[in-house]
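Here the structure is laid out as structure tokens; the discussion comes afterwards.
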Amino acid sequence: MKLWSFKGGLPALAEHKNDSSPVAIETAPVPSTLVYPLRQHIGNPAKPLVAVGEHVLRGQKIAEADGFVSAPIHASSSGVISDISEQLFPHPSGLSCQSISIKTDGLDQEVEAHSHADFRQLSILELVNIVHDAGIVGLGGAAFPSYIKIDNHSHDWNIHTLILNGAECEPYISCDNSLLMERAQCVTEGIEILLHMLGAKKAILAIEDHAELTFAHLTKTLSDHNNEAIQVVQIPTIYPTGGEKQLIQTLTGREVPSGKIPANIGIVCINVGTVYAIQQAVVKGKVLTSRVVTVTGDGVSTPKNLEARIGTPISQLIDVCHGYTQQAERLIAGGPMMGFALSSDEIPLIKASNCVLVASKEEVVTHKQAMPCIRCGECASVCPVSLLPQQLYWHSRSDQLDKAASFNLLDCIECGSCDIACPSHIPLVQHFRYAKSMLKAQQHEKQQSDTARIRFEAREARIARDKAERAEKSRKKKAALKSKPVKDDVDTTVAKTTIPSSET
């Protein structure tokens, strides 16, 4: 298969994937307390369906989706709702959000699952609803509600190609590779389900060229499955080739236009972990209550890939990996490139958590002395989105948000390539994240303002219309009273005309 290349990127990053990948996926035990932030996906946070003191079962919906871009949340084990309050959650801001806590009972009782032996017996709409009701979001880190992405039935997208993203380009992370090695059969069935739902003609499963054993295993699995529509392809190990737009360009040579989505050019790209979750929901009736996560770094004794319940405190995952080492310096959610620091290991695992990195001083630079920009242009040369990070930096730093937006700030994928390349150690991505959040807040405020203005104008128009209608009714009533003859005058006239002549 012919491959293309994208501009920029970093070809020589230390992988560190063998630290955790040789070990089989281990199931983490159920913790005594599970915590579910209601804001763990893109879009509106979920709305609680339970109250403190209520007993729930594993798989029971405890929070419902709030709007179109949202996803429900399910209990990962049986127990009692112990608290609903603001708690810390994994986010670059370090802020808290409303969360539901469950005190587990040790029984791990489940709700009854509704499995489907043959997914082809279900309609496309039924399959989309299953994915929605299972609370599945993108497990590669984006956490976008998956049912929207695969609902080709409600859109006129004309999808022809399905791309399965198994390219873990960021160092240390190996959860997807382990999933492909150990559960390739389920992933393959998930691909067939998505091909059926999207009406696509072919599927391309992409993995990096250093994963030789995984490639051989997947090739054999697909051969046994005898489905010629699915192809496994090795791609060059260049960071960030696992980015959605970069992967599409590598495999197809096509670029997704700014402000558009892959579906606009007939392509859907989905992480392999998400594919596995969809297969489990459709075939076995299992909602999303657990995921595979990589726990690694020099700061943890035994790096592993764990299948852990959503809501498990990170401290429990560290314990399963035999605790911290003396080298532990920084706790990071995600990898060293796109991850962000965590202030506490009591923060819970959420749907978007694909890695917990316990880094040493050698693995992550905790303090950089930023120096003035020397305008060398290295940041622009490595940017995989063809942006001008130098210009974005100046506009972001001076709060010139409109100018930053004109330089396509929102197209930045925050991959961190510019940070690595910058000889002045300027934390460019931090500036971009700040500016993007301010720009989105500004846009949200404008939308609210426009909505309020439209409502006010509609209210004023309604009041004016009601006033005019009342005035018209009053005018018609007065006119009717003026045109109506007086009853007493009529009676008198009648009386005078009916007096007999003999009495006159």
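The values are calculated or read from the model by the stated rules, or taken from the named source; none is laboratory data. Please read all numbers here as calculations on a predicted model, not as lab measurements. With ideal geometry, Cβ positions are generated from the backbone for all residues, glycine too; neighbour counts draw on all protein chains shown.
Does Gly106 fit the bill of being over 20 Å from Tyr276 (Cβ atoms), touching a residue at least 12 places away in the same chain (Cβ under 8 Å) and part of a loop (DSSP other than H, G, I, E, B)?
Numbers: over 20 Å from Tyr276 (Cβ atoms): yes; touching a residue at least 12 places away in the same chain (Cβ under 8 Å): yes; part of a loop (DSSP other than H, G, I, E, B): yes.
Yes.
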**Request:** Look at the range 85-99 and say how many of its residues are free of Cβ contacts under 8 Å to residues at least 12 places away in the same chain and over 17 Å from Ile42 (Cβ atoms).
**Result:** 1
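Restricting to the range 210-252, and then to whatever is of a type in the set (D, E, K, R) and out of contact with any strand residue (DSSP E or B) (no Cβ under 6 Å at 6 or more places or on another chain), can you tell me which residue is nearest to Ser381 (Cα to Cα)? Steps first, please.
First pass over the range 210-252, keeping only residues of a type in the set (D, E, K, R): 212, 220, 224, 228, 244-245.
Now narrow it down to the ones that are out of contact with any strand residue (DSSP E or B) (no Cβ under 6 Å at 6 or more places or on another chain): 212, 220, 224, 228, 245.
Details: Glu212: 30, Lys220: 39, Asp224: 44, Glu228: 39, Lys245: 18 Å.
Checking each candidate, the answer is Lys245.
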**Top-ranked residue of the range 305-336 - restricted to ones that are hydroxyl-bearing (Ser, Thr, Tyr) and out of contact with any Gly (no Cβ under 9 Å at 6 or more places or on another chain), ranked as surrounded by the fewest Cβ atoms within 10 Å (Cβ to Cβ)** = Ser315
**Fill in**
Val35 passes all but one of the listed conditions (1) among the aliphatic types (A, V, I, L, M); (2) crowded, with 19+ Cβ neighbours inside 10 Å; (3) not in a strand (DSSP E or B); the exception is number (3)
**Message:** Of everything in the range 303-339, what is of a type in the set (D, E, K, R) and touching a Ser or Thr at 6+ places or on another chain (Cβ under 8 Å)? Give them in sequence order.
**Reply:** Lys304, Glu307, Arg309, Glu329, Arg330
**Asked** On the given criteria, is Thr274 over 21 Å from Pro29 (Cβ atoms), outside any loop (DSSP other than H, G, I, E, B) and modelled with pLDDT of 95 or more?
**Response** yes
**Request:** Please work out if Ser396 is at pLDDT below 95, under 28 Å from Thr241 (Cβ atoms), of a type in the set (Ser, Thr, Tyr) and not in a loop (DSSP other than H, G, I, E, B).
**Result:** yes
**Asked** Got at least one residue in the range 36-43 being without any contact (Cβ under 8 Å) to a residue 40 or more places away in the chain and on the phi > 0 side of the Ramachandran plot?
**Response** no
**Request:** Quick one: which residue in Asp402, Asp345 is outside any loop (DSSP other than H, G, I, E, B) and charged (D, E, K, R)?
**Result:** Asp402
